[in-house]
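S.K.: Structure in structure tokens, see below.
The values are calculated or read from the model by the stated rules, or taken from the named source; none is laboratory data. Because the structure is a prediction, the values reported are computed rather than measured. We place every Cβ from the backbone using ideal geometry, glycine too, and count neighbours over all the protein chains shown.
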Amino acid sequence: MSAVVDTWGWRALMKLRPGQSISDVVARVPAIESALGTRPGAVRVEQDPAHAGRCTMRVVALDPHAGAIPWPGPVARSLADPMELGVFEDATPVRVPLLRRHALIGGTTDSGKSGVLNVVLGNLAACSDVVLWGIDLKGGMELRPWASCLARLATTPEEATRLLADAVAVLDARAHASSRDNSRVWEPTASAPALVIVIDEYAELADTAPAAVTHAESIARRGRAVAVDLLTATQRPTQKAMGGGALRSQMSVRVCLRVRERRDVDLILDKGMLAAGWHPHTLDAPGKFYLLADGHNQPRRARAYLVTDDDVRTTAARYADQRPELDALSQAAIDNPVSRPAEIATGPDPEQALIAALAGAPDEGLRVADLMRLIGMGRTWIYERLQAHAAAGHARQVTRGRWRA
């Protein structure tokens, strides 16, 4: 074992005995802290990515995150720039790329979730190549201070469903244009900006607007290439709220603040993270978090910048007049009634909604993807009901993949 002393403590590269793994060391961390006489929570153990029989043990004698760290203001000017969220334990800044990435921020009440969200929003507001939409089903309490920088803000389940349906329409239009132009990705510019949808308390959306969840999952699966991204935050990262993993699996940026239950660690970070020694449930101050993102093969501890109410007001006012508008193609996908002729069909009964959608379809018919978006049901259900209606003579396939009554 060789040790190196740094500002906050020391670290050592350790060679394990044959047959031992990092899990054996992690399980013994409390005993190691006791033997070394450190404060609880001072020892970190990280796997050596090059050798299964080696690990790095870091002892943080002085907590570099003991006090709040004031936000220096936005550093990003483009979505292609990494977003600076805070400071790692080695005093280096936390820089996270968000272009063509979905992000999940999770943490219990008073863990600092809103603070992290404000840091991200402050940076996004300064970017000239991204349009921001927001969903806040707590009456806009969290996101309304940023309203001047948000092109849209949904505060009811109905508004949220419509907003996400519009985002899917934008996604489809961009995907079609990219296919036509033989372009693999949408490169955001001020005249053709990315679209980022910020959802505060995703669990509330899942509980009150199930049709909206279908749209959100579609965006999570297909949105990255065309620069339609999700930024979700939640206090309740349950399997039900996160779509049984369908949405969570698409989140390539994970920020895990303090959680109430140990099982929440795996729901936010990833399966097996708790057993591997990552313990967000022990974080002892608002704003402290674990980050798992591209460029980090395992979670890293950090503390988010502290964004005050004055910081939010000042930043929102500064960039409100500089916000871009959606490009013409994306806006047309929302406004054009031809692309979504059966909007009025959406209702509580999906069977009646399907019948009305088919009856109101244009001559060229509606795609299955259009029906999924309008009705809020999955592909399998749509196909089964279309076959049943076709057998009964109530629906027909106009051309391959397009249907009408």
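S.K.: Take residue 172 and decide whether it is more than 24 Å from residue 264 (Cβ to Cβ) and either in the same structural domain as residue 136 (by TED's automatic domain parsing) or touching a residue at least 24 places away in the same chain (Cβ under 8 Å) (or both). Let's see the steps before the verdict.
M.R.: Values: more than 24 Å from residue 264 (Cβ to Cβ): yes; either in the same structural domain as residue 136 (by TED's automatic domain parsing) or touching a residue at least 24 places away in the same chain (Cβ under 8 Å) (or both): yes.
Criteria met by residue 172.
S.K.: Scanning for something of a type in the set (A, V, I, L, M), under 30 Å from residue 145 (Cβ atoms), at pLDDT 80 or above and touching a Pro at 6+ places or on another chain (Cβ under 8 Å), does segment 316-323 turn up at least one residue? Explain how you work it out, then say what you get.
M.R.: In the first step, residues of segment 316-323 are kept if they are of a type in the set (A, V, I, L, M); the result is 316-317, 320.
Still in the list and also under 30 Å from residue 145 (Cβ atoms): 316-317, 320.
Then keep just the ones that are at pLDDT 80 or above; that gives 316-317, 320.
In the following step, the residues that additionally are touching a Pro at 6+ places or on another chain (Cβ under 8 Å) were identified as 316.
Scanning segment 316-323, I find at least one residue that is of a type in the set (A, V, I, L, M), under 30 Å from residue 145 (Cβ atoms), at pLDDT 80 or above and touching a Pro at 6+ places or on another chain (Cβ under 8 Å), so the answer is yes.
Listed here are the residues, each with its yes/no results for (1) aliphatic (A, V, I, L, M); (2) in contact with a Ser or Thr (Cβ under 7 Å, 6 or more places away or on another chain); (3) not in a strand (DSSP E or B).
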position	(1), (2), (3)
4	yes, no, no
12	yes, yes, no
31	yes, no, yes
35	yes, no, yes
41	no, yes, yes
46	no, yes, no
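S.K.: Give the number of residues within segment 14-29 that are part of a loop (DSSP other than H, G, I, E, B) and surrounded by 10 or more Cβ atoms within 10 Å (Cβ to Cβ).
M.R.: So the first thing to find is which residues in segment 14-29 are part of a loop (DSSP other than H, G, I, E, B), and the list is 16-21, 28.
Still in the list and also surrounded by 10 or more Cβ atoms within 10 Å (Cβ to Cβ): 16, 20-21, 28.
Adding up the residues that qualify gives 4.
S.K.: Are any of the residues in segment 227-242 of a type outside the set (Ser, Thr, Tyr), touching a Gly at 6+ places or on another chain (Cβ under 9 Å), part of a helix (DSSP H, G or I) and under 27 Å from residue 123 (Cβ atoms)?
M.R.: No: segment 227-242 contains no residue that is of a type outside the set (Ser, Thr, Tyr), touching a Gly at 6+ places or on another chain (Cβ under 9 Å), part of a helix (DSSP H, G or I) and under 27 Å from residue 123 (Cβ atoms).
S.K.: Residues 92, 109: which one is assigned by TED's automatic domain parsing to the domain that holds residue 255, touching a residue at least 60 places away in the same chain (Cβ under 8 Å) and out of contact with any helix residue (DSSP H, G or I) (no Cβ under 7 Å at 6 or more places or on another chain)? Break it down into steps so the answer makes sense when it comes.
M.R.: Details: 92 fails: touching a residue at least 60 places away in the same chain (Cβ under 8 Å).
Just a single option satisfies the conditions, and that option is 109.
S.K.: Please work out which residue is modelled with the highest pLDDT, limiting yourself to segment 259-292 and to residues that are among the charged types (D, E, K, R) and assigned to a loop (DSSP other than H, G, I, E, B). Steps first, please.
M.R.: Filtering segment 259-292 down to residues among the charged types (D, E, K, R) leaves 260-264, 266, 270-271, 284, 288.
Keeping just the survivors that are assigned to a loop (DSSP other than H, G, I, E, B) gives 260-262, 270-271, 284.
Values: 260: 78, 261: 77, 262: 73, 270: 71, 271: 72, 284: 82.
Only one residue fits best here, namely 284.
S.K.: Something else about it: Just name the residue that is surrounded by the fewest Cβ atoms within 10 Å (Cβ to Cβ) out of those in segment 175-207 that are touching a residue at least 60 places away in the same chain (Cβ under 8 Å) and over 19 Å from the mean Cα position of the chain (by Cα).
M.R.: Top of the filtered list is 191.
S.K.: Pick from 67, 53, 73, 37: which is closer than 28 Å to residue 229 by Cα and of a type outside the set (Val, Ile, Thr)?
M.R.: Answer to the selection: 73.
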